[in-house]
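The values are calculated or read from the model by the stated rules, or taken from the named source; none is laboratory data. The structure presented is a predicted model; accordingly, all values stated were derived computationally and were not measured. Counting neighbours? That spans all protein chains shown, and the Cβs are built from the backbone with ideal geometry, glycine included.
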Amino acid sequence: MPRYWWVNQNQTYKAEVGGGYMWSPKVNKDGGFNQFYQNMTEVSSGDIVFSFADTFIKTVGVVSAAARSEEKPKEFGKAGDAWDADGWLVQVDYEELANPIKPKDHMDVLAPLLPERYSPIRADGGGNQVYLAEIPEPMAEVLLSLIGRQLDVTLEEGQEREIKNRTDIGATEKYQLVLSRVGQGQYRKNLEQHEAGCRITGITDRRFLTASHVKPWSKSNDFEKLDGNNGLLLSPHVDRLFDRGYISFEDSGALMLSPALPAEVISAWGLSAGLKTRPLKKEQAAYMEYHRTKIFRES
């Protein structure tokens, strides 16, 4: 099960969220122990992080890698002058909220759920002087529920209501399913265990790749929505063709071009010039069979 963390990023929000990480010193400036810095070493891949800045939770992230030793980021500038340069860096896949939530407006439900020790905020909603604090699951469930109300607008008509009304899963599971719809969170992490880059362009820099479902999200069950075998990492223009059935793949990894795909697109995007192939695994092939029969345009 994931753990839940609250990170205060007032001074470094843009740098950390923009760079996809959290960073803290290992100890206080005088060399003393700091529990909130120690917490960086307890974070695990798959944990959920609530990013708090300027009295709002502006971003929610999923940890993608455990802490590693790293010097203080240069982009902190003068913001980190009081901190020791030797620190911990944790990679996080962030999702910024269109409408940040203000915890102080919800303390009627959050106050009874605050951690007994090392709480990131007080019962009145004011912030404490902490960096990274663990919060209990019930508190995280409430936050995810509040946040989920706005994240669900990315879903197609009817899907928001379907997920929100389910009683067989909790807010965390609902949140992961929503993130999987936009190719983020646990789904993307699972996919990256199977795919290293785009099968067409060869791009491996994941900042420029889309996590695309093979069997569409709307047609998948809960397991399939998060299954890394049900996806490909694709360059955005290739993802567009794949999603609309203009291309597909044989089990051998060979590219299939739809007769409906214009010749000028094939030529301009280099879809027919000596592409390298990599066979699909058996688990991937089962999903690709669905894509070939249900999504691929035969004419």
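Odds and ends about this structure:
- Among the criteria (1) assigned to a loop (DSSP other than H, G, I, E, B); (2) at pLDDT below 90, the one N229 does not fulfil is (2).
- Residue check, A140 at pLDDT 95 or above and either surrounded by 17 or more Cβ atoms within 10 Å (Cβ to Cβ) or over 30 Å from R181 (Cα atoms) (or both): no
A quick yes/no check of all residues on (1) at pLDDT below 75; (2) out of contact with any His (no Cβ under 7 Å at 6 or more places or on another chain); (3) loosely packed, with under 15 Cβ neighbours inside 10 Å; (4) under 21 Å from L209 (Cβ atoms):
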site	(1), (2), (3), (4)
I147	no, yes, no, no
Q150	yes, yes, yes, no
L155	yes, yes, no, no
E162	yes, yes, yes, no
T167	no, yes, yes, no
T172	yes, yes, no, no
Q176	no, yes, no, yes
V182	yes, yes, no, yes
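- Tally, over region 91-123, of residues that are touching an Asp or Glu at 6+ places or on another chain (Cβ under 8 Å) and either of a type in the set (S, T, N, Q) or assigned to a loop (DSSP other than H, G, I, E, B) (or both): 2
- Among the residues of region 97-123, those that are closer than 29 Å to V27 by Cα and not aromatic (F, W, Y) comprise P103, L113, L114, P115, E116, R117, S119, P120, I121, R122, A123.
- Count - residues of region 211-226 that are out of contact with any Lys or Arg (no Cβ under 9 Å at 6 or more places or on another chain) and either assigned to a loop (DSSP other than H, G, I, E, B) or within 24 Å of V265 (Cα to Cα) (or both): 4
- Residue selected from region 268-280 under the condition within 16 Å of R240 (Cα to Cα) and out of contact with any His (no Cβ under 7 Å at 6 or more places or on another chain), by the criterion surrounded by the most Cβ atoms within 10 Å (Cβ to Cβ): L271
- Enumeration of residues in region 281-299 that are of a type in the set (K, R) and either surrounded by fewer than 13 Cβ atoms within 10 Å (Cβ to Cβ) or farther than 14 Å from L241 by Cα (or both): K281, K282, K294
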